[in-house]
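Notes to accompany the following structure.
Taken together, the values in this text are just the output of simple stated rules run on the coordinates, not laboratory data. Predicted model only: the values in this text are computed from it and were never measured. For neighbour counting, all protein chains shown are included, and Cβ atoms are generated from backbone atoms with ideal geometry for every residue, glycine included.
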Amino acid sequence: MLKALFLDRDGVINQEIGYLHRPEDVRFVTGIFDLCRTAQRLDYKLVVVTNQSGIARGLYTLADFEALMTWMRAEFAREGVTLDAVYHCPYHPVHGLGEWKREHEDRKPGPGMLLRAARDLSLDLPRSILIGDRCSDLAAAHAAGLEQAFLLTGTEVQPCPGTYTSIQTLAEAESWLTRSHAHAPIRR
Ligand SMILES: [Mg+2]
């Protein structure tokens, strides 16, 4: 079974500016490509899990989101990184317009996107890890039974419930990955 590095998008891959939807507004977070290259080398699938209530709120369209992700995947590819899957939740239970106004298990803190990825990619969730910048990201990781969740500090007012590791930079998560695999037993 495969393991995954789950990445929240806004605040982890790109700097959080609120309802990002245009490539020209993307500022990649320092260290994201190094982290992903290391994770890829250690056989982690790279899976983006992102709440996109901006779609529900009518601030941008599903097509805008998809175009941005196509652009982003190409930027990652130029850096030698393949994003294996991207899951998004377009709904919002309160601020959604029309059909977009609903609760959904995909919306973090729900674990729906992680569970779906596990089915689609045959992932071993307990051996998978997540990096987020909000307590809701960590809650989704806990609900999905992940081994390790990191909170990239700066966005959220801590502390968050449950067990997690606070990091100031993505390089710290990269070091954790490298260290944990340096000591891993050889699998037969
Ligand atoms: Mg975020």
Between helix 32-41 and the chain: long-axis angle, C-alpha atoms, 0 to 90°, nearest 10: 50
Excluding residues on the same chain fewer than 8 positions from Lys3, give the lysines whose Cα lies under 17 Å from its Cα. Lys45
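By per-residue mean of other Cβ atoms within 10 Å, what is the highest-first order of 20-30, 129-139? Show your work: numbers first, answer last.
Numbers: 20-30: 13.7, 129-139: 24.1.
Final packing ranking: 129-139, 20-30.
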Per DSSP helix of 4 or more residues, -39500 (n - 2.57); summed, then divided by the residues of the chain. What does that give at 222 nm, rounded to the nearest 500? -10000 deg cm²/dmol
Can you work out the base-10 log of I(q)/I(0) for the chain at q = 0.10, 0.11, 0.12 1/Å, using the Debye formula on its C-alpha atoms alone? -0.37, -0.45, -0.54
For Lys108, the aspartates and glutamates lying under 17 Å Cα to Cα, once residues fewer than eight places off in the same chain are dropped, come out as Asp8, Asp10, Glu16, Asp133, Asp137, Glu156
